[in-house]
Amino acid sequence: MKKTTIIIFLASLLIFAQNSDVKAQCKQQMVYRCATEGKNAIYLRDFNTKLKKTKPDKESGTKWTVVLNAGTVYRFILCTPQGFEDKVVLTLYDSQNPEKTNPLNSTIKAKGSIFNFVCRKSGMYYVSIRFKKDKGDSKTCAVGILSYVGKNQ
Amino acid sequence: MIKKILFYIILLTALFTCNCNEIDDEDEIDYFPEDELFETEIIDTGPIDRIISSFSTSVEMAAVIENLNVPFSKNYIVPANVANNYETNFKKALGLGFYSSDLGYLNIYKKTNSILEYLKVIKRLSDDLDIDQFFDFQTLKRLATNREDLDSLMFLSVSSYNRMSKNLRETSRSDLSALMVTGVWLEGLYLACKVNNFKPTQDLKERIGSQKVILRDLMDVIKFFKKKPDFAKLIRDFEQIEEAYEEVTITIEKGKKEEIMIDGIPTTVQGDFTVVTVSDEQLKEISELIIKIRNKLISY
C-alpha cells in the first residue's frame, strides 16, 4: 500500500510539474511596466502571451479579437524581455486588411515598439503577437498594451 | 492492485493534461523551465470567449466623456448601497460590470473619496463570485487612500476587471463573464446618453449611434447563454434596444489610409470610415430606453 501511494505521488508530481509550466505568460509587473510606457494614454487592456521556440518555417504566437470605436485614437505597445526586442512583432489587422499581406499597422511597419491607430470604423479588429520570420530560436513571453490616447480631432 | 494504480495514473494524467477548449494559435505546448519572468496561467479561448474578451474596456467611455470637458456627476453612477440587494450570481456579475464601469468613471475624474466606497462594493461582489484573488483590494485601497500614484490606481482597477472577467471564462463561467461585459457596455452607454442629454455633441451622438455594431456582437454573446437562468429576461430587454437601433444606419465609406506622427509616435489614420446616421428622434428613443433598462437592471 505504501509503495502504491509513493508511485501515485511521484506520477502526479511529474505530470503536474510538467503541465504547470506549459502556459507561461509574462508576469504582471512586466504588464504594468509596459502599460506605463504609454505615457499620456489610459490603459485599456493587455495581450499577454508565451512564444514557444519554433523551427524557421513554423510560426508561434497568439491572436486576440478587440472592439475598437470610431473617432478614437488608440495606442499599441509591445514589450518583451531583454534580448527579444527585435525578434517579436505586434500586428493590428482586420478582415479587410489581412495580417500577412496588408495589416493596418505593426511594430515592424512603425519601426519600433509603439504605434498609434486612429480608428474611423467601429467594429472587431485583431491583434497578434508573433515571432518575426526566423527569429523564434528560443522561447519567451511578450506583452501588448492597448491604451486610449484621446478622441480623434 | 495494479489495476488500481493504473486507474489513478490515468485519472491524474487526464486531470493535469487536459487542454480542453484550446484552439487556434494558443494550442502549442512546450516545456517551460521556471524563470522569474514567467508565471503560470491557464488559457481558455472558445469562440464565444474570444468575443466576450474583445469587449473588455471598462474605462473607455468615461475617458471619452472626460475628453468632452463635461463635469463629473455622481448622479450618473449606481449608488453603492444598491449592491446589497444583489442575491444571485446573475445579479452580482452584472452588477460587477456596472460598478467596474463606474469605478473607471471615478478614476478618470480622480474622485478618490468615492473610489474607496466603490472598491468595497466590487470587493464584496468579487468575493461572492470567488474571483477576489484577482482584485487586489488592499493595494487599491492604499492607492486610493493616499491619493498617490493615481496612474497605478487606474491601471490596477482596469487590469483587475480584465483578470476577473478572464478568470470567469477560464473556470467555465463564461456566462458570468458575459454579464460583466454586458454591465460595462450598458453602463458606459448609459453614461453617454445621460451626458448627451445634458450637453449634446455630434461626437457623442455618433458614438451612441455606432454602438449598433457592437450591440450586434453583444447580442450573439448573451443569446449564446439563453438557457441559463435569467438570461431570457435580459435578452428580451436587449431585443428592445436592438429594435430602437433598427433605423440607425451605418455605412462604410472608402478612404485613403494616412501615416502621420502624433507626439513623435508613428500613427496610422484608418482610410475607410463609418458614417452613422441617427436622427434626434431616434437618439431620444434610444437614450430613453437605455436609461430605463439600465435603471431596471441595477435594481431588480
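The values are calculated or read from the model by the stated rules, or taken from the named source; none is laboratory data. The structure presented is a predicted model; accordingly, all values stated were derived computationally and were not measured. Glycine also receives a Cβ, built like all others from the backbone with ideal geometry; neighbour counts cover every protein chain displayed.
Just to be sure before I move on: is residue B:255 at the interface with another protein chain (Cβ under 8 Å from one of its Cβ atoms) and either at pLDDT below 95 or touching a Gly at 6+ places or on another chain (Cβ under 6 Å) (or both) in the structure I sent? Criteria met by residue B:255. The set of residues in segment B:118-144 being surrounded by fewer than 22 Cβ atoms within 10 Å (Cβ to Cβ) and over 20 Å from the mean Cα position of the chain (by Cα) consists of B:138, B:139, B:141, B:142. For segment B:244-262, a residue qualifies if it is surrounded by 12 or more Cβ atoms within 10 Å (Cβ to Cβ) and not in a loop (DSSP other than H, G, I, E, B), and the qualifying residues are B:244, B:245, B:249, B:250, B:252, B:259, B:262. Can you tell me which residue is farthest from the other protein chains (Cβ to nearest Cβ) among those in segment B:43-92 that are closer than 18 Å to residue B:189 by Cβ and small (Gly, Ala, Ser)? Among them, the one singled out is B:73.
The criterion of at least 1 residues that are within 25 Å of residue A:72 (Cα to Cα) and free of Cβ contacts under 8 Å to residues at least 60 places away in the same chain is met, among helices (runs of 4 or more DSSP H) falling completely within segment B:107-214, by B:150-170. Inside segment A:22-54, residues that are more than 23 Å from residue B:134 (Cα to Cα) and either free of Cβ contacts under 8 Å to residues at least 24 places away in the same chain or touching a helix residue (DSSP H, G or I) at 6+ places or on another chain (Cβ under 7 Å) (or both) make up a count of 1.
Screening the candidates A:97, A:116 for the property of being assigned to a loop (DSSP other than H, G, I, E, B) and at the interface with chain B (Cβ under 10 Å from one of its Cβ atoms) yields one hit, A:97. Within segment A:124-149, the residues that satisfy the criterion of being buried (at least 20 other Cβ atoms within 10 Å of the Cβ) and more than 16 Å from the chain's Cα centre (by Cα) are A:148, A:149. The residues of segment A:36-89 that are at pLDDT 90 or above and of a type in the set (S, T, N, Q), listed by number, are A:36, A:48, A:49, A:62, A:65, A:69, A:72, A:80, A:82.
For residue A:92, state whether it is more than 7 Å from chain B (Cβ to nearest Cβ), modelled with pLDDT under 95 and buried (at least 19 other Cβ atoms within 10 Å of the Cβ). So residue A:92 does not fit the description; no.
Filter segment A:73-88 for residues that are outside any loop (DSSP other than H, G, I, E, B) and buried (at least 22 other Cβ atoms within 10 Å of the Cβ); which is nearest to the other protein chains (Cβ to nearest Cβ)? Looking at the filtered set, the residue picked out is A:75. Looking at (1) touching a strand residue (DSSP E or B) at 6+ places or on another chain (Cβ under 9 Å); (2) more than 8 Å from every other protein chain (Cβ to nearest Cβ); (3) among the polar types (S, T, N, Q), which one does residue A:60 not meet, given that it meets all the others? Only one criterion in (1) touching a strand residue (DSSP E or B) at 6+ places or on another chain (Cβ under 9 Å); (2) more than 8 Å from every other protein chain (Cβ to nearest Cβ); (3) among the polar types (S, T, N, Q) is unmet by residue A:60, namely (2). When segment B:214-243 is limited to residues that are β-branched (Val, Ile, Thr) and within 14 Å of chain A (Cβ to nearest Cβ), the one that is surrounded by the fewest Cβ atoms within 10 Å (Cβ to Cβ) turns out to be B:214.
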